[in-house]
1. If residue B:235 meets every condition in (1) more than 20 Å from residue A:178 (Cβ to Cβ); (2) away from ligand 1 (no atom under 12 Å from the Cβ) apart from one, which number is that one?
2. Can you pull out every residue in segment A:55-77 that is among the aliphatic types (A, V, I, L, M) and in contact with a strand residue (DSSP E or B) (Cβ under 9 Å, 6 or more places away or on another chain)?
3. Would you mind finding the one in B:64, B:42 that is modelled with pLDDT under 95 and either more than 15 Å from residue B:146 (Cα to Cα) or not hydrophobic (A, V, I, L, M, F, W, C) (or both)?
4. Which condition number does residue A:229 fail, the rest of (1) open to solvent by less than 80 Å² (accessible area, probe 1.4 Å); (2) over 30 Å from residue A:241 (Cβ atoms) being met?
5. Count, please, the residues in segment A:9-53 that happen to be within 12 Å of ligand 1 (Cβ to nearest atom), in contact (Cβ under 8 Å) with a residue 60 or more places away in the chain and over 22 Å from residue A:145 (Cα atoms).
6. So which of B:203, B:156 is at pLDDT below 95 and away from chain A (no Cβ under 14 Å)?
7. Restricting to segment B:63-90, name every residue that is open to solvent by 20 Å² or more (accessible area, probe 1.4 Å) and more than 8 Å from every other protein chain (Cβ to nearest Cβ).
8. Just to verify a result, which residue in segment B:245-261, among those that are within 6 Å of ligand 1 (Cβ to nearest atom) and touching a residue at least 40 places away in the same chain (Cβ under 8 Å), is surrounded by the most Cβ atoms within 10 Å (Cβ to Cβ)?
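The values are calculated or read from the model by the stated rules, or taken from the named source; none is laboratory data. All values derive from a computational prediction rather than experimental measurement. Counting neighbours? That spans all protein chains shown, and the Cβs are built from the backbone with ideal geometry, glycine included. Just so you know, the surface numbers come from the protein's heavy atoms only, side chains and all, with ligands and any DNA or RNA stripped out. Shrake-Rupley method; radii C 1.70, N 1.55, O 1.52, S 1.80 Å.
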Amino acid sequence: MKILVPVKRVVDHNVKIRVKTDGTGVDLANAKMSMNPFDEIAVEQAVRMKEDGEASEVVVVSVGPAQAQEVLRTALAMGADRAILVVAEGRVEPLAVAKILQRVAQAEEAGMIIVGKQAIDDDCNQTGQMLSALLGWSQATFASKIEMSGGSALVTREIDGGLQQIELTLPAVVTADLRLNEPRYASLPNIMKAKKKPLVQQTPNELSVSVAPRLNVLRVEEPAARASGIKVGSVAELLDKLKTEAAVI
Amino acid sequence: MATLLFADHDNASLSEHSARALGAALQIGAEVDILIAGQGAAPAAEAAAALVGVRRVLLAEGDALAERLAEPVAALIVQLSGDYDTILAPATSSGKNVLPRVAALLDVMQVSEVTEVVSPDTFKRPIYAGNAIEVVQSAEAVRVLTVRSASFTPAAAGSAVAPIIAIKPPVAPVLSSFRQNLLSANDRPDLSSARIVVSGGRALGSKERFEATINPLADKLGAAVGASRAAVDAGYAANDFQVGQTGKVVAPDLYIACGISGAIQHLAGMKDSRVIVAINTDGEAPIFQVADYGIVGDIFDIVPQMERAL
Ligand SMILES: Cc1cc2nc3c(=O)[nH]c(=O)nc-3n(C[C@H](O)[C@H](O)[C@H](O)COP(=O)(O)OP(=O)(O)OC[C@H]3O[C@@H](n4cnc5c(N)ncnc54)[C@H](O)[C@@H]3O)c2cc1C
Ligand SMILES: Nc1ncnc2c1ncn2[C@@H]1O[C@H](COP(=O)(O)O)[C@@H](O)[C@H]1O
């Protein structure tokens, strides 16, 4: 079974971003960029499944600018076999990404796609579900465990009240949650080896997908700031403030 | 045209998120129908029918819908979609699971985690863990939205009762099947809607110490218990306790953060709380930047003191 893992290049999770003063977006000039953390978890899962003999090949795909090659190389260094970069500049919405991934999955005849649950820049949490719908495949979001058995996969999902187990008929789309695994760091020899692994480029046009955004972003605003608070010296003072000043207890 | 609200419920009862999503739906202005998809879900449908502002409740029942798996529920909503120009759901694990699937089948882009309805086609939503707010307009034929419950006031239950109409779900191929739910046993208030939340972080050190320190204070206050990702990853608290960018978003009257540093991903889930209290040994911890009241001190000393003094 071939596993496809979409990986997105996003601002690093440690970077505190700034809203541009003219309200046109977020200032990412010189910001450190990395692989979306949930996608690292997805890559790790696919690589482990290959190591366990459950997958034959792990193919990573990114939709983004030329620099997205860097996150693909990182995925290759973690153990993926091949990479595909679908070159697209600017904002590409989840629906367009899902359509691109649909074409790639069909061409590759993938048996499973492991997607991150959410990109930490747009916080959309949509792409995996959309991809599953477009392919007409089964879907398991927010996975914290994947167990393969023959033609199906038993997936444990993190839901609002706890956990849920569902069984998926393959092929399937699974979205990775935080506790699926702890991604490895690529070793230096593997980083060197990754430079020689195949990375091909395609365009949305070649896949007959339009990446023109559907939603119109009118502006991007600074979130409301909180008034600065105070430090109190004792529990008695704290409880007094909570009772009289804030009136919350 | 009208709005269809895909409700969050567990067949036996309607969740508070549904009433809050109705609050958002009513702001759009069109008439609102509520869809209850489930099995043996008449009680949830009756609760929905009693909410003020509902035109009618659509009740679709069947084995495939019992646990609201994404594939059959999305097929059902798509079948109903012709009568609506807005389809929305609360951004719960169920809403987030189903609605993007509906959007893709209708070939429209979804607007996720709406925190404000600016006009019927324009919405505000947080991006970058809440460090920026996007104002986005949708000219799609059908607007598909998930709404953040913490940002909307729940619609009240009234004396009028909307009609409940049974509908037949479409026959869809079975792609996945339900095995079991492993739900956290919890007799405290629900984290997402509690008036007070006491949260613990990595500093708690173990599951035993987490429970021995956080729970008594929570119980004294009638509060829900939350946790940081670090505490959940380390097994001190269950996954559904996680507050943050990728956990639950809460906005209680009072949020007490105990031994939590205040990483942006955690702040994303609680910084809209009305009053925030932080207890941390490190006076420079970022959590103090959002706290109304901070105490620099050891949680194992401060938290029991609070509990005793209440
Ligand atoms: C993709 C992604 C998603 C994430 N999503 C979330 C999320 O949804 N929610 C979330 O919470 N995090 C999330 N995180 C993790 C987040 O970045 C932080 O790592 C996490 O919030 C830290 O948890 P913490 O504050 O408990 O631990 P730490 O950062 O280790 O902080 C522990 C704090 O306890 C204090 N302390 C230690 N001992 C004591 C004591 N005895 N008394 C008082 N104070 C003490 C320390 O001074 C410190 O400030 C995410 C990260 C990533 C990359
Ligand atoms: N441009 C992209 N390239 C590759 N994968 C993507 C891209 N955008 C989204 N994804 C995948 O979809 C997941 C969810 O993204 P989102 O729906 O934007 O929150 C991510 O974790 C990735 O796995």
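1. Condition (1) is where residue B:235 drops out.
2. If the condition is that a residue be among the aliphatic types (A, V, I, L, M) and in contact with a strand residue (DSSP E or B) (Cβ under 9 Å, 6 or more places away or on another chain), then A:55, A:58, A:59, A:60, A:61, A:63, A:66, A:68, A:71, A:72, A:75, A:76 are the ones that fit.
3. Working: B:42 fails: modelled with pLDDT under 95.
It is B:64.
4. Residue A:229 satisfies every listed condition except (2).
5. Summing the residues that are within 12 Å of ligand 1 (Cβ to nearest atom), in contact (Cβ under 8 Å) with a residue 60 or more places away in the chain and over 22 Å from residue A:145 (Cα atoms) in segment A:9-53 gives 3.
6. The unique qualifying residue is B:156.
7. Applying the first criterion (open to solvent by 20 Å² or more (accessible area, probe 1.4 Å)) to segment B:63-90 yields B:63-64, B:66-68, B:72, B:75, B:78-80, B:82-83, B:85.
Of everything in segment B:63-90, those that are open to solvent by 20 Å² or more (accessible area, probe 1.4 Å) and more than 8 Å from every other protein chain (Cβ to nearest Cβ) turn out to be B:63, B:64, B:66, B:68, B:72, B:75, B:78, B:79, B:80, B:82, B:83, B:85.
8. Checked segment B:245-261; the qualifying residue surrounded by the most Cβ atoms within 10 Å (Cβ to Cβ) is B:260.
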